[in-house]
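Derivation of every value follows stated rules applied to the coordinates shown; laboratory data play no part. Since the model is a prediction, treat every value here as computed from it, not as a measurement. Every residue, glycine among them, receives a Cβ derived from its backbone with ideal geometry; neighbour counts consider all protein chains shown.
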Amino acid sequence: MNIFRLSGDLSHLLAILLLLVKIWKTRSCAGISGKSQILFAIVYTTRYLDLFTSFVSVYNSFMKVVFLTASYGTLYLMFFKFKPTYDHNHDSFRILYLIIPSLVLSFIIVHVYTVMEILWTYSIYLEAVAIMPQLFMVSRTGEAETITSHYLFALGSYRALYILNWIYRYYTEDFLDMIVIIAGIVQTILYCDFFYLYITKVLKGKRLSLP
Amino acid sequence: LKPSYVKDEL
């Protein structure tokens with residue numbers, strides 16, 4: 001554990017809780033992509049199956065359970081409790097275009113051919129692109145609520161902080177996992193455009209709207 | 001190098 005990893009995890013946790021609280025408080029999931037949320041649920045499920053097979057620390061297990069619970073909780077709010085507020089007309093990204101190629105890639109580029117390892121690798125590849133339906137939705141509607149912008153910023157920062165963590169671990173522990181590093185860089189790059197808008201608009205008190 | 005199958009991150 002180092003400061004970059006911890007900050008990344010807390011940023012990730014903040015993002016997930018921010019989204020849950022936003023939906024709960026406003027009794028609405030308008031502007032949130034249900035498809036991205038489905039992809040994140042798949043990501044957490046396939047990655048954290050190791051809850052049953054390997055124990056790292058109480059911290060790790062606790063966070064995994066929180067991420068899984070919050071993710072399914074979000075899906076429940078979006079597709080059941082507040083379903084009428086879900087803006088499915090603007091959530092039109094075809095997620096099979098992300099699900100299938102990630103799956104194929106996880107069979108081609110993987111460290112070890114075991115079911116758990118392939119599922120873990122799949123979760124890494126899918127996570128890298130899981131935000132695309134949400135970013136697509138923002139670009140289609142041309143705007144995002146400020147709280148949604150904070151959510152996206154926290155979620156994007158998390159992997160960027162993990163990249164610093166991997167650089168740190170490379171020098172201090174000789175730890176190097178190219179699969180997770182390349183996917184993490186791709187994931188962070190996808191947010192760059194949004195980061196720019198967030199810094200130039202949202203942080204200056206303006207609403208995020210596209211020109 | 002640590003084996004890649006040591007998954008200690010989230």
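Gain in length, A:Phe80 to A:Val58, computed as 0.36 nm per residue apart minus the alpha-carbon separation, to one decimal in nm? It would help to have the intermediate numbers written out before the result.
Working: separation 22, 0.36 × 22 = 7.92 nm, distance 3.20 nm.
So the extension gain works out to 4.7 nm.
So if each residue of separation counts as 0.36 nm, and I subtract the Cα-Cα distance between A:Leu51 and A:Val65, what length gain in nm does that give? Intermediate values should be presented prior to the final figure.
Values: separation 14, 0.36 × 14 = 5.04 nm, distance 0.84 nm.
Here the answer is 4.2 nm.
Return the lysines within reach of B:Lys7: Cα separation strictly under 24 angstrom, same-chain partners fewer than 8 residues apart disregarded; answer none if there are no such residues. B:Lys7 reaches A:Lys64. Segment A:Met116..A:Val104, full-extension length gain: 2.8 nm, with 0.36 nm per residue of separation and the alpha-carbon distance subtracted.
Exposed loop sites here mean chymotrypsin sites (Phe, Trp or Tyr not before Pro) with a DSSP loop assignment and at most 16 other beta-carbon atoms within 10 Å; chain A contains its longest site-free run at A:114-211. Using label points projected 7 Å from each Cα along Cα→Cβ, tell me how many nm separate A:Leu210 and A:Thr141, to one decimal. Spacing of the two 7 Å Cα→Cβ label points: 1.3 nm.
Which longest run of chain A has no exposed loop site in it, a site being trypsin sites (Lys or Arg not before Pro) in a DSSP loop with at most 14 other beta carbons within 10 Å, and the site itself not part of the run? The partial results should precede the final answer.
Details: sites that count: A:Arg27, A:Arg94, A:Lys206, A:Arg207.
The segment A:95-205 is the longest one with no such site.
Under the criterion of Cα pairs below 8 Å and six or more residues apart, the relative contact order for chain A equals 31 percent. Taken as Cα centroids, segment A:47-78 and segment A:100-151 sit 17 Å apart, rounded to the nearest whole angstrom.
Is the C-alpha gyration tensor of segment A:135-199 telling us rounded, prolate or oblate? Criteria: a/c under 1.5 is rounded; beyond that, a/b larger than b/c is prolate, otherwise oblate. The partial results should precede the final answer.
Numbers: a/c = 3.84, a/b = 2.52, b/c = 1.52.
Verdict is prolate for segment A:135-199.
Kindly identify the protein assembly as shown as rounded, prolate or oblate by the Cα gyration tensor criterion: order the square roots of the eigenvalues as a ≥ b ≥ c, call it rounded if a/c is under 1.5, otherwise compare a/b with b/c, prolate if a/b is larger, else oblate. Prolate, because a/c is 1.5 or more and a/b exceeds b/c.
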